[in-house]
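Trainee: Structure provided below as structure tokens; questions to follow.
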Amino acid sequence: MTAVSGLSLRARAFILSVLILAVALGIWELSIASSAGGDGKLTEYELLTGGGAPKAGVPPPSEVLVKAWEQLSDPFYDAGPNDKGIGVQLGYSLYRVLSGYLLAAAIAIPLGFLIGMSPLMYRALDPFIQILKPISPLAWMPLALFVIQDSEASAIFVIFICSIWPMLINTAFGVAGVRKDWVNVARTHELGPFKTAFLVILPAAAPTILTGMRISIGIAWLVIVAAEMLVGGTGIGYFVWNEWNNLDLTSVIFSILMIGLVGMALDAAFAHAQKAVAFNE
Amino acid sequence: MNTPFLSIEGLAKRFPSPDGPEPLTVFENVNFGIERGEFVCIIGHSGCGKSTIMNVLAGLDEATDGVVIMNQREVKGPSLDRGVVFQNYSLLPWLSALKNVTFAVAARHKDWSKEQVRAHSYKYLEMVGLADGAEHRKPSQLSGGMRQRVSIARAFAIQPELLLLDEPFGALDALTRGTIQDELLKIWRGTEQTVFMITHDVDEAIYLADRILLMTNGPYARVAESVEVGIPRPRARDEIVEHPHYYKVRNHLVHFLARRSKEMAGREHATASGRPETVRFDEPDDERPAAPTLYAVNE
């Protein structure tokens with residue numbers, strides 16, 4: 001007991017995490033092993049209805065691990081349209097997410113500055129934002145496909161439209177909330193509007209803006225899976241759906257894990273950036 | 001010279017009243033002048049518009065009526081010729097102390113090299129005693145006194161013609177306040193800048209200022225009197241209380257704040273010229289200042 005309590009909180013939390021993982025995987029593994037074993041004897045009815053055919057079941061974690069090893073040892077192979085490595089699929093998804101996201105940032109941050117600095121623009125644009133914001137990004141998909149006529153660009157558009165709102169709103173909020181004192185410092189030092197924006201307002205609002213950017217990247221990564229299931233072709237979302245059609249649940253579970261890992265990495269990158277611009281008053 | 005370096009003429013600030021056609025007048029008919037190199041304090045109760053006058057001088061606010069003329073030019077908008085030390089320091093919290101000063105110096109001297117800006121900033125940080133490693137800390141890692149020092153260094157480093165201080169020591173403890181007051185005086189003497197300062201502290205005003213402006217209570221506040229301190233410089237904190245003028249000036253100020261600022265409030269008491277009445281204490285007629293007399297009470 002003393003040996004455990006002597007460890008740091010961090011070490012104890014780590015041990016507990018490992019324990020929870022081991023127990024969860026153990027239960028998963030055992031429950032599948034027990035349900036797989038039938039008594040072998042089939043009734044005539046079962047034979048007639050095809051009950052003897054092998055059933056697709058949820059794979060045990062051991063199989064997922066084998067699959068993961070197999071996939072991760074060669075992540076970038078490309079053997080035709082329906083057979084690409086997990087790395088290639090994730091790469092397509094990341095490319096779409098980042099293009100849509102950066103496009104959104106390029107518009108949302110300057111527009112957010114404008115809205116944040118001008119009470120007139122804030123009031124004028126607010127109703128549009130309030131109506132457009134709650135629309136599920138996937139609802140735009142049919143319209144995007146019809147107007148853009150290109151599934152690839154439509155997926156990027158969907159990412160764009162879903163990631164623009166948190167960035168826009170947070171930028172406007174952050175810029176509007178910059179303390180008057182700091183703006184006065186810029187004024188008494190005769191800074192022009194551009195210098196004021198870059199030297200005072202941007203650093204002052206940066207923590208709020210980055211919070212919006214972090215929320216946006218999270219939403220974009222959530223939406224890309226669904227968008228790719230619709231547009232098909234490439235990407236991790238398409239891969240999950242394709243493996244479901246193949247009834248390869250091992251691959252499906254493996255992909256789900258990978259989606260989680262990439263999402264975590266994206267979030268961690270933004271958490272890091274947030275720390276870099278944070279300041280205490 | 002007939003016209004002073006800084007001249008405030010007929011300044012007034014009115015706000016549209018929410019419940020009537022008559023606007024709410026914070027102050028009106030404010031007239032005074034400040035000579036170059038003078039250190040002037042202004043005292044008055046909260047709400048009399050001291051800070052508004054200062055913001056008008058800084059160019060951050062606009063008066064409803066009247067003009068401010070500095071160096072024969074009307075003051076319009078903020079300018080690097082007028083440095084401001086704000087009550088809450090107003091340092092940029094994402095920049096280090098040094099960067100806060102270089103920010104100002106670079107704004108003033110756009111043609112200077114990075115090294116020049118840095119050296120100049122260091123010089124002023126040294127003057128306020130902040131060049132021993134503390135200059136690389138962010139404002140949040142500095143004490144209140146150190147923040148105010150940075151703020152003063154920033155204002156002096158741009159070498160403005162007029163320095164505006166809005167209750168700069170209000171949030172500091174008495175010891176720190178004393179030290180920074182001394183530093184302020186030291187820098188001021190070295191640079192011969194003109195200083196206009198708001199304070200609530202009567203002793204601080206007497207210690208620092210050449211002249212103290214007294215404002216009546218608002219609404220319709222105005223600068224009623226201009227008290228000349230008349231204590232020679234350099235002043236030592238422990239010696240000025242011995243000066244025959246000290247308690248006369250102090251009693252006058254306290255009396256004004258406690259009673260006359262209220263009695264003189266309102267527009268009907270304003271003098272025709274609108275100029276503040278000059279109060280000067282002549283040479284002492286007795287050696288010692290009038291000490292408060294104590295009475296033994298026998299029941």
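Trainee: What angle, in degrees between 0 and 90 and rounded to the nearest 10, separates the Cα long axis of helix B:97-108 from the longest principal axis of the Cα atoms of chain B?
Mentor: 90 degrees
Trainee: Counting pairs on different chains as well as pairs 8 or more places apart, how many Lys pairs in chain B have Cα atoms under 21 Å apart?
Mentor: For chain B, qualifying lysine pairs total 15.
Trainee: Still on this structure: Just round it to a whole percent: the fraction of Cα-Cα distances in chain A exceeding 35 Å.
Mentor: Values: 15969 of 39340 pairs.
Every Cα pair in chain A considered, those over 35 Å come to 41 percent.
Trainee: Going by alpha carbons, how many degrees (0 to 90, nearest 10) lie between the helix axis of B:244-255 and the longest principal axis of chain B?
Mentor: The helix B:244-255 is inclined about 80 degrees to chain B.
Trainee: Rounded to the nearest 100 Å², what's the accessible area chains B and A bury against each other, both chains counted, probe 1.4 Å?
Mentor: The buried area between B and A, both sides summed, comes to about 1800 Å².
Trainee: What is the spread of the Cα atoms of the protein assembly as shown along each of their three principal axes, largest first, in whole Å?
Mentor: 129, 66, 61
Trainee: Might you tell me the accessible area per residue for the range A:77-277, computed with a 1.4 Å probe and given in Å²?
Mentor: So the range A:77-277 comes to 48 Å² accessible per residue, rounded to a whole number.
Trainee: Okay, next question. Using unit Cβ charges (K, R positive; D, E negative) and no other charged atoms, how large, in debye to the nearest 20, is the dipole of the range A:77-277 about its Cα centre?
Mentor: Charge dipole of the range A:77-277: 920 debye, to the nearest 20.
Trainee: Over chain A, calculate the relative contact order: mean separation of alpha carbon pairs under 8 Å at least 6 apart, over the residue count, as a percent.
Mentor: 20 percent
Trainee: Given the whole protein assembly as supplied and a 1.4 Å probe, what does the accessible area of A:Cys162 come to in Å², nearest 10?
Mentor: A:Cys162 exposes around 10 Å² with every protein chain in place.
Trainee: What size of dipole, in debye to the nearest 20, comes out for the range B:148-278 about its Cα centre when the only charges are +1 on Lys and Arg C-beta atoms and -1 on Asp and Glu C-beta atoms?
Mentor: With only Lys, Arg, Asp and Glu charged at Cβ, the dipole is about 200 debye.
Trainee: If I ignore ligands, DNA and RNA and count only protein heavy atoms, how much of A:Trp241 is accessible to a 1.4 Å probe, in Å² to the nearest 10?
Mentor: Here the residue's solvent-accessible area equals roughly 120 Å².
Trainee: Convex hull over the Cα atoms of chain B, averaged projected area in nm²? Walk me through the numbers before you get to the answer.
Mentor: Working: hull surface 83.5 nm².
Result: a mean projected hull area of 20.9 nm².
Trainee: Please list, ordered by chain and number, the residues whose modelled amide H lies under 5 Å from the amide H of B:Leu165; skip anything fewer than 5 residues away on the same chain.
Mentor: B:Val85, B:Phe196, B:Met197, B:Ile198
Trainee: A further question on this structure: Put +1 on the Cβ of each Lys and Arg and -1 on the Cβ of each Asp and Glu in the protein assembly as shown; which of A:Met141, B:Ala171, A:Ala186 then has its Cα farthest toward the positive end of the dipole?
Mentor: Most positive-ward Cα: A:Ala186.
Trainee: Related question: If you plug each phi of the range B:123-133 into the Karplus form 6.51 cos²θ - 1.76 cosθ + 1.60 with θ = phi - 60°, what whole-Hz ³J(HN,Hα) values come out, in order, with x for Gly and Pro?
Mentor: 4, 6, 5, 5, 4, 9, x, 10, 10, 9, x
Trainee: Separate question: Check B:Glu225: other-chain or 5+ apart residues with amide H under 5 Å from its amide H, H built from backbone geometry?
Mentor: B:Leu214, B:Glu277
Trainee: Give a residue-ordered list of calculated ³J(HN,Hα) values for the range A:121-130 (Karplus: 6.51 cos²θ - 1.76 cosθ + 1.60, θ = phi - 60°; whole Hz; x for Gly, Pro).
Mentor: Karplus-based 3J(HN,Hα) across the range A:121-130 equals 5, 4, 5, 5, 8, 3, x, 5, 4, 5 Hz.
Trainee: Could you sort A:Val178, A:Val183 by accessible area so the largest value comes first, with the probe set to 1.4 Å?
Mentor: Descending accessible area places them as A:Val183, A:Val178.
Trainee: Order A:Leu120, A:Leu98 by their accessible area, 1.4 angstrom probe, all chains in place, largest first.
Mentor: In descending accessible area the options line up as A:Leu120, A:Leu98.
Trainee: Spelling out what I want: for every residue of the range A:108-116, take phi, set θ = phi - 60°, compute 6.51 cos²θ - 1.76 cosθ + 1.60 (Karplus), and round to whole Hz; glycine and proline get x.
Mentor: Coupling constants for the range A:108-116: 5, 6, x, 5, x, 4, 4, 5, x Hz.
Trainee: Check which residues have an amide H placed less than 5 Å from B:Leu24's amide H, if you skip close sequence neighbours.
Mentor: Here B:Phe15, B:Ser17 satisfy the definition.
Trainee: Follow-up question, since we're still on this one. Among all the lysines, which ones have a C-alpha under 29 Å from A:Lys67's C-alpha, if same-chain residues fewer than 8 places away are not counted?
Mentor: The qualifying lysines are A:Lys55, A:Lys84.
Trainee: At what distance in angstrom do the alpha carbon centres of the range A:157-212 and the range B:223-248 lie from each other?
Mentor: 49 Å
Trainee: Run the 1.4 Å probe and let me know the accessible area of B:Arg189, rounded to the nearest 10 Å².
Mentor: 110 Å²
The values are calculated or read from the model by the stated rules, or taken from the named source; none is laboratory data. This one's a predicted model, so the numbers in the text were calculated from it and none came from an experiment. Using ideal geometry, Cβ is built from the backbone for each residue, glycine included, and neighbour counts are taken over all protein chains shown. Note: areas computed on protein heavy atoms with side chains; ligands, DNA, RNA excluded. Shrake-Rupley method; radii C 1.70, N 1.55, O 1.52, S 1.80 Å.
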